[in-house]
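A short worksheet on the structure shown next.
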């Protein structure tokens with residue numbers, strides 16, 4: 001490639017220190033090992049600065065519980081980003097889904113048939129919002145950034161209209177002076193094998209996402225469209241239809257996250273999920289999925305979510321202010337992306353094109 | 001033309017070697033370039049031409065060997081050092097900035113300025129003089145480069161080189177982005193340069209061009225110069241091919257096979273129209289037949305292919321496969337009906353460059369190997385391996401990333417894709433662009449084999465020789481209409497050019 005002529009031959013010091021391992025670190029397994037390494041370092045540092053408050057089983061479970069909602073959203077985001085798109089609206093969709101699933105009529109109906117009805121409603125809201133996103137992008141030819149930015153603003157507005165800007169407490173609806181009982185909160189308090197249902201949900205979604213991306217025709221189409229949409233189209237892949245599916249998938253994952261968040265916080269609110277899209281993008285990018293599309297890794301995304309969650313936990317344990325937490329998050333994102341780029345360049349330089 | 005004083009060389013390169021991480025890119029290249037000559041460097045993809053260019057332009061440092069410039073040993077330590085000596089390089093992907101004017105591009109990096117204030121008027125004046133030196137007075141220095149054709153961008157790139165008081169220009173496949181008319185103009189400019197004593201190192205795959213513009217030839221194979229400084233008029237084409245590929249070839253085009261009279265019509269194009277480009281297009285392609293479309297760039301020949309394929313939505317008329325009309329503007333309908341296409345821009349339209357060979361081969365058919373949506377990569381790899389073997393695709397590793405392959409092998413991936421998918425009609429747009437001579441013959445043989453197996457083939461190429469040599473029948477396109485249809489054996493290159501020019505003038 002001609003752009004390699006712009007790259008100088010000088011090898012930087014870190015590259016020389018990495019030496020023979022650099023080839024390995026450039027590979028996908030290598031990238032994940034790098035993330036696991038970062039995770040281990042973080043845990044060790046946490047143990048040193050926060051001691052027993054950080055290193056104990058209960059705190060570990062708390063971290064996982066808090067990470068679970070982000071993980072589900074980030075899995076959906078991984079698909080969209082792998083295809084070369086972006087979904088800025090998932091936080092708002094999450095908020096909207098949490099509100100619609102907890103309005104009085106739904107709660108009353110759910111108290112009759114079961115809390116799963118609320119989950120179905122949340123997923124349905126996510127799917128419809130995703131469908132709108134996908135249709136506007138694929139058939140309206142609006143760039144994903146703008147289309148989902150519009151949804152980010154609009155869905156939050158709809159959520160405020162539906163909720164009247166009030167917090168909709170689960171089982172807080174009164175019929176004939178008696179509060180309805182949906183069973184949702186009890187369900188999410190459950191923890192089979194000592195692990196919260198929230199974490200199980202995240203595990204199930206992650207495994208399903210991994211299989212979908214790596215083992216199915218759906219995943220292959222996603223990677224192909226991200227790698228070269230024109231080549232995919234000319235090979236006969238229905239690019240537009242698939243694009244719609246991808247945003248529906250992202251919306252549905254926001255719906256799943258919504259019901260999990262409602263289960264955890266016991267309420268639906270139009271402010272639920274605010275800025276979750278940015279956390280998800282950060283985790284996806286730190287995890288090694290290419291922002292330009294064509295390469296995606298669910299494992300990396302999950303490791304990215306864990307890194308941020310653990311960092312947040314450590315900071316909270318040692319009373320670091322929110323402002324400093326945010327600055328650190330920003331620095332981590334830049335450091336991770338710079339490191340990725342270095343490794344990518346190096347990998348390309350090892351086998352020069354003649 | 002070569003000056004008579006053969007005594008001193010402008011550039012004398014002796015025994016250059018260069019390795020990357022143990023892989024030998026150059027294993028001993030020697031050549032000498034004289035002032036005012038066009039020195040052609042030939043070699044297959046991967047022979048080491050690009051590395052040689054990078055050594056001469058200062059982007060790479062050689063491991064061994066010496067470089068003499070005007071008889072003195074020099075080290076070209078950086079692209080800036082090369083420019084200081086008087087060596088400029090014109091890369092294939094031109095390094096002009098689209099958003100700047102011609103003058104701004106020419107003086108990019110060495111602007112005429114006082115204390116940061118640009119002297120626009122004087123730069124425009126000098127730019128105009130440089131453009132005039134290249135015989136392109138019609139280009140305005142204040143025009144934005146983004147609006148120029150590829151040919152004119154090359155002129156800007158050359159003017160920039162001249163602005164540095166250059167003695168040698170290295171041109172890396174300058175004709176790759178040009179059509180026949182533009183190549184003629186490029187040659188005029190090159191002659192203009194050499195008449196001013198400037199030497200040109202000309203890299204190209206196209207042997208016919210070298211015969212026209214070149215003074216001497218150096219052939220590189222596997223990183224070594226096989227022959228250096230051969231005089232063009234005294235060197236036959238088969239000789240050059242033999243030096244490049246290491247094997248003798250009689251004819252690069254395969255033998256035609258007679259089409260059976262009862263060969264069924266596969267493709268019927270009926271009054272096809274794409275508003276603004278062509279209209280009232282009628283032709284047929286039969287099973288086993290190779291039909292070539294000849295015409296100038298801009299004649300609409302690529303667009304015809306894309307419209308047949310549904311990649312562009314026709315504004316009128318009909319495309320039918322075996323009598324069944326296709327849905328308009330739908331690639332997936334075309335693919336389902338048995339059409340395949342190898343697009344003009346292999347890298348941007350054909351391949352997913354960062355994916356492995358096997359996934360590129362199965363890009364149109366992976367769903368068929370899958371069971372209920374679950375991929376069967378083992379089956380995909382197996383079928384890819386079969387194709388790799390049948391087409392002699394190299395390297396023969398299904399998991400190799402497509403980006404790392406040569407143009408010829410990337411082309412084979414596209415052919416393999418449609419072989420696996422199975423097609424009744426194959427549309428080939430510039431199937432040998434950027435493919436070197438040795439691999440070309442293989443691609444031609446493959447296309448003929450496909451036709452012999454009953455595939456109908458519609459071919460577009462900017463090289464008339466290729467259209468005539470490979471096709472059974474040639475349709476000449478001018479101004480969006482078929483102006484002639486003839487058996488390829490009955491028509492000459494000159495006939496085609498006359499028809500094309502007549503059409504363009506009308």
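Within the range B:437-458, no residue that is free of Cβ contacts under 8 Å to residues at least 24 places away in the same chain and outside the structural domain of residue B:220 (by TED's automatic domain parsing) sits with its Cβ atom under 9 Å from a residue that is crowded, with 18+ Cβ neighbours inside 10 Å and not in a loop (DSSP other than H, G, I, E, B) at 6+ positions apart or across chains. When each of A:251, A:209, A:219, A:255 is tested for being in contact with a helix residue (DSSP H, G or I) (Cβ under 7 Å, 6 or more places away or on another chain), part of a helix (DSSP H, G or I), within 9 Å of chain B (Cβ to nearest Cβ) and more than 26 Å from residue B:429 (Cα to Cα), the lone residue that passes is A:219.
Looking across A:273, A:293, one residue alone is more than 14 Å from every other protein chain (Cβ to nearest Cβ) and outside any helix (DSSP H, G or I). It is A:273. The residues of the range B:316-357 that are outside any loop (DSSP other than H, G, I, E, B), touching a residue at least 24 places away in the same chain (Cβ under 8 Å), facing another protein chain (nearest Cβ under 9 Å) and surrounded by fewer than 22 Cβ atoms within 10 Å (Cβ to Cβ) amount to a single one, B:347.
From the list B:33, B:38, pick out the single residue that is buried (at least 22 other Cβ atoms within 10 Å of the Cβ) and either over 26 Å from the mean Cα position of the chain (by Cα) or closer than 14 Å to residue B:12 by Cα (or both). Give the derivation first.
Details: B:38 fails: either over 26 Å from the mean Cα position of the chain (by Cα) or closer than 14 Å to residue B:12 by Cα (or both).
Result: B:33 is the single residue among B:33, B:38 that is buried (at least 22 other Cβ atoms within 10 Å of the Cβ) and either over 26 Å from the mean Cα position of the chain (by Cα) or closer than 14 Å to residue B:12 by Cα (or both).
Put simply, of A:109, A:74, A:67, A:127 the only residue that is more than 19 Å from the chain's Cα centre (by Cα) and in a helix (DSSP H, G or I) is A:109.
Each residue in the range B:60-80 was checked for being in contact with a helix residue (DSSP H, G or I) (Cβ under 7 Å, 6 or more places away or on another chain) and without any contact (Cβ under 8 Å) to a residue 12 or more places away in the chain, and 1 pass.
Among the candidates B:122, B:157, the residue that is within 30 Å of residue B:464 (Cβ to Cβ) and outside any loop (DSSP other than H, G, I, E, B) is uniquely B:157. Could you please let me know if residue A:12 is over 20 Å from residue A:306 (Cβ atoms), modelled with pLDDT under 85, within 14 Å of chain B (Cβ to nearest Cβ) and more than 24 Å from the chain's Cα centre (by Cα)? No: the conditions fail for residue A:12. Which of the residues that make up the range B:373-408 are more than 20 Å from residue A:236 (Cβ to Cβ) and either assigned to a loop (DSSP other than H, G, I, E, B) or not assigned by TED's automatic domain parsing to the domain that holds residue B:442 (or both)? Across the range B:373-408, the qualifying residues are B:391, B:392, B:393, B:394, B:395, B:396, B:397, B:398, B:399, B:400, B:405, B:406. Look at the range B:125-153 and say how many of its residues are in contact with a helix residue (DSSP H, G or I) (Cβ under 6 Å, 6 or more places away or on another chain), crowded, with 19+ Cβ neighbours inside 10 Å and assigned to a helix (DSSP H, G or I). Qualifying residue count, the range B:125-153: 5. For the residues B:368, B:403, B:378, the requirement of being at pLDDT below 90 and under 24 Å from residue A:222 (Cβ atoms) singles out B:403.
Would it be correct to say that residue A:76 is buried (at least 24 other Cβ atoms within 10 Å of the Cβ) and touching a helix residue (DSSP H, G or I) at 6+ places or on another chain (Cβ under 7 Å)? Yes. From the list B:233, B:264, B:260, the one residue that fits, being under 30 Å from residue B:340 (Cα atoms), free of Cβ contacts under 8 Å to residues at least 40 places away in the same chain and surrounded by fewer than 19 Cβ atoms within 10 Å (Cβ to Cβ), is B:260. Filter the range A:133-191 for residues that are in a loop (DSSP other than H, G, I, E, B) and in contact with a strand residue (DSSP E or B) (Cβ under 7 Å, 6 or more places away or on another chain) and give the result. Passing the criteria: A:167, A:170, A:171, A:172, A:173.
Note on the range B:28-55: among residues that are within 14 Å of chain A (Cβ to nearest Cβ) and in contact with a helix residue (DSSP H, G or I) (Cβ under 7 Å, 6 or more places away or on another chain), the one that is nearest to residue B:193 (Cα to Cα) is B:41.
The values are calculated or read from the model by the stated rules, or taken from the named source; none is laboratory data. In this text, all values refer to a predicted model and were calculated from it rather than measured experimentally. Because the Cβ atoms are built from the backbone with ideal geometry, glycine has one as well, and the counts that use them run over all protein chains shown.
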